[in-house]
1. Mind listing the phi-derived Karplus ³J(HN,Hα) values for segment 61-72, rounded to whole Hz, using 6.51, -1.76 and 1.60 with θ = phi - 60°, and x for any glycine or proline?
2. Applying 1/(1 + (r/R0)^6) with R0 = 25 Å to the Cβ-Cβ distance of residue 47 and residue 12, what FRET efficiency is obtained, to the nearest 0.05?
3. How high is the FRET efficiency from residue 40 to residue 66, r the C-beta distance, R0 25 Å, rounded to 0.05?
4. Hey, can you grab everything whose amide H is under 5 Å from the amide H of residue 17? Only 5+ residues off in sequence or another chain; H modelled, so Pro and N-termini drop out.
5. Debye sum, Cα scatterers, segment 2-54, no solvent: what log₁₀ I/I(0) at q = 0.25 1/Å?
Amino acid sequence: MFGELIIMIVFLPILTLEGVEGKIFRPMALTMIFALVGSLVLSLTLMPVLASLFLPKRINEKEPWLVRQAHRSLMFFSSSACSSEARQQRFTPAKSCRARGDGALSCGAALVYSGNNSAL
């Protein structure tokens, strides 16, 4: 919506041109402005109706692939700091370690600083 309005504002100075330039560029500017106004009207009226008709009512929420991989890598790297009972209950290790005070800070510090040896 705002992008369309900004583009229309850009074409307004072209409408003030006089002479040959005005005769050449005024129809182009008017065409662009009318097309953008039509696009704005459709985007505010027709598109919400079509979205309500064709999009599903319920959405299955699922963690993205990258988040699932991050959880798996957290399980792998923090397995030594957390107890086996936390792994058996399939809790996120950081949560179970934090709840018991088992060294979640050392898990996080090991993950963060494991690849930054060149900065020292």
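1. 7, 9, 5, x, 4, 5, 5, 4, 5, 5, 5, 5
2. Numbers: r = 26 Å, r/R0 = 1.02.
Here the calculated transfer efficiency is 0.45.
3. Numbers: r = 36 Å, r/R0 = 1.42.
For R0 = 25 Å, the calculated efficiency reads 0.10.
4. none
5. -0.89
Every read-out reported here was derived from the displayed coordinates using simple, explicitly stated rules and does not represent laboratory data. As the structure is a prediction and not an experimental result, all values here were calculated from the model. A quick note on method: Cβ atoms are made from the backbone with ideal geometry, for glycine too, and the neighbour counts reach across all protein chains shown.
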